[in-house]
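A.B. asks: Right, I'll just put the structure down here and ask away after.
Readers should treat all values here as calculations from the given coordinates under stated rules, not as data from a laboratory. What you see is a predicted model; the values in this text were computed from it and never measured. Counting neighbours? That spans all protein chains shown, and the Cβs are built from the backbone with ideal geometry, glycine included.
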Amino acid sequence: MGERSDRFHVRVSVGDHGVDVHAVGEIDIATVGALRSALWAAPARPVLRLHLSGVRLLSAAGVRALVAAHRRVRTRGGELVLVDPEPVVARVLRVTGLHRVIPVVETSGPASASPATTPRPTAAVATAQPTVAVAAPQPTAAVAAAQPTVAAPAPQPSVAVAAAQPSSGGPDRSAPARPEPPQPVLLAA
């Protein structure tokens, strides 16, 4: 069973405990339909192995198809495993974080190796990727105090303007020197 075009073809072989889908070519918006058809047509088995050693390109359309196939196989009680991706495809899997959702294995043995005998990524391998956490800057007390606050409208405009000015008449020396924020303009009706 398989589909073929000039840029992409797929071959499916069915075993007792798994289905092997061999993809070759480029998976993009023009060819993703053939991959999706092959993955959806695969009979229910505990493991669906998608061999990517012949795939030169994996576009966003291909990533979406892999996520959808992963969900579909999981709801049927199985597992989708990506086998031997080319370096450019492996990079797409890492950049998108898909390698953390769908098992990716690299084998040097026969294509029919089962997940039980195929090495799977360990937690140490998954955490070996550099992790960057960026926290949003929190305002310091001095910056928070320098921020104007808007309360209920004052009955007299002169009171609201006077409250926005520093009480000592000079700049606040505890805060770093910054341009003064624009003063609120109150319009009388």
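A.B. asks: Tell me, in nm to one decimal, what length is gained between Arg74 and Leu187 on full extension, where the rule is 0.36 nm per residue of separation less the Cα-Cα distance? Each step should come with its number before you reach the end.
C.D. replies: Numbers: separation 113, 0.36 × 113 = 40.68 nm, distance 6.31 nm.
Length gained between Arg74 and Leu187: 34.4 nm.
A.B. asks: Based on the Cβ-Cβ distance of Asp16 and Ala60, what FRET efficiency does E = 1/(1 + (r/R0)^6) give at R0 = 30 Å, to the nearest 0.05?
C.D. replies: That pair, Asp16 with Ala60, gives E of 0.30.
A.B. asks: What is the order of Arg11, Arg36, Arg64, fewest Cβ neighbours within 10 Å to most?
C.D. replies: Numbers: Arg11 16, Arg36 20, Arg64 13.
The most exposed by this proxy come first: Arg64, Arg11, Arg36.
A.B. asks: Between Arg100 and Val88, with labels modelled 7 Å along Cα→Cβ, what's the label distance in nm to one decimal, could you check?
C.D. replies: Placing both labels 7 Å beyond Cα along the Cβ direction yields 2.6 nm.
A.B. asks: Something else: So, counting K/R as plus one and D/E as minus one, what does the shell of residues with Cβ under 14 Å around Val92 add up to? Intermediate results must be reported in sequence, preceding the final value.
C.D. replies: On the way: positive: Arg56, Arg64, Arg91, Arg94, Arg100; negative: Glu26, Asp28, Glu86.
So the environment of Val92 carries a net charge of +2.
A.B. asks: Enter the Cα centre distance for the pair region 50-90 and region 3-46, rounded to the nearest angstrom.
C.D. replies: 10 Å
A.B. asks: Further question on the same structure: Please work out whether region 1-109 counts as rounded, prolate or oblate from its C-alpha gyration tensor, where a ≥ b ≥ c are the square roots of the eigenvalues and a/c under 1.5 means rounded, while otherwise a/b larger than b/c means prolate and anything else oblate?
C.D. replies: Working: a/c = 1.36, a/b = 1.13, b/c = 1.21.
In terms of gyration-tensor shape, rounded.
A.B. asks: Could I ask something else about it? Just the projected area, averaged over all directions, of the convex hull on the alpha carbon atoms of region 38-102: how many nm²? Intermediate values should be presented prior to the final figure.
C.D. replies: Details: hull surface 16.2 nm².
In nm², the orientation-averaged hull projection of region 38-102 is 4.0.
A.B. asks: Which far-off residues, 5 or more places away or on another chain, put their amide H under 5 Å from the one on Val81, with H placed in the peptide plane?
C.D. replies: Leu48, Arg49, Leu50
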